[in-house]
Amino acid sequence: MNLAWIIAVAAAAGPLSADAAHSLSPPWAGGPRSPGAASPAALVCAVSTPPGRPLAFDPWVGLTPRHVAVRGHLQLTGCTSPDGSAPGLRSGWVALRATAELSCTSAHRVRGRAVITWFGWDGRPVGTSTLRSRGDHLATQRPADTLLAGAVTSGPLKGEQTRGDITPGTSLLSCATQGMQRLPGAGHLTLG
């Protein structure tokens, strides 16, 4: 492309308005992020099943997909707010229920609800959020990750999208050969 032509077009367009210049600012300069850039999360927490209380699957999960009910609790600890929007949320207790077509390596038609009780720096309750999970045709090495994918529908962080991972305490081979009825595990949950 001819450099003279580019300069002529830019000169004809005139100077940038303050609004346009601000929208092109790099994120560290306080301007909006470009559409492809990841924005900081509202909250990031470590997530784990409580000791001795793994997630329960009924019936057990095996190699072939089947309709499964999932129940259990998760602990959220070490929560941090990268974007500064949720500095008062330090930890949480999650009670979840879901149904899905699950196998050792896939999750389809995930429908779930979780209630998160939040605690502040002093260990006192500071609010309750409701999380809805919904997903279709998800293939993954860890189907339990789909239980953390959804959106906060009420309470603190309402409107934020959620995603996470739970690394199981059992191997994929164990699930394939023996089935899995209980899932102890740990990972991370990101809101925002």
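The string of couplings for region 41-55 from the Karplus curve (6.51, -1.76, 1.60, θ = phi - 60°) is 6, 6, 7, 10, 10, 6, 10, 7, 6, x, x, x, 10, x, 5 Hz, one whole number per residue in order, with x for Gly and Pro. Contact order for region 47-191, expressed relative to its length and based on alpha carbon pairs under 8 Å spaced 6+ residues apart, stands at 24 percent. Overall, the anisotropy analysis places region 47-191 in the prolate class: the square-rooted eigenvalues a ≥ b ≥ c of its C-alpha gyration tensor yield a/c not less than 1.5, with a/b exceeding b/c. Segment Gln178..Asp122, full-extension length gain: 15.8 nm, with 0.36 nm per residue of separation and the alpha-carbon distance subtracted.
FYI, it's all coordinate maths here, none of it is from the lab. Computed from a prediction, not measured in an experiment: that's the story for all the values here.
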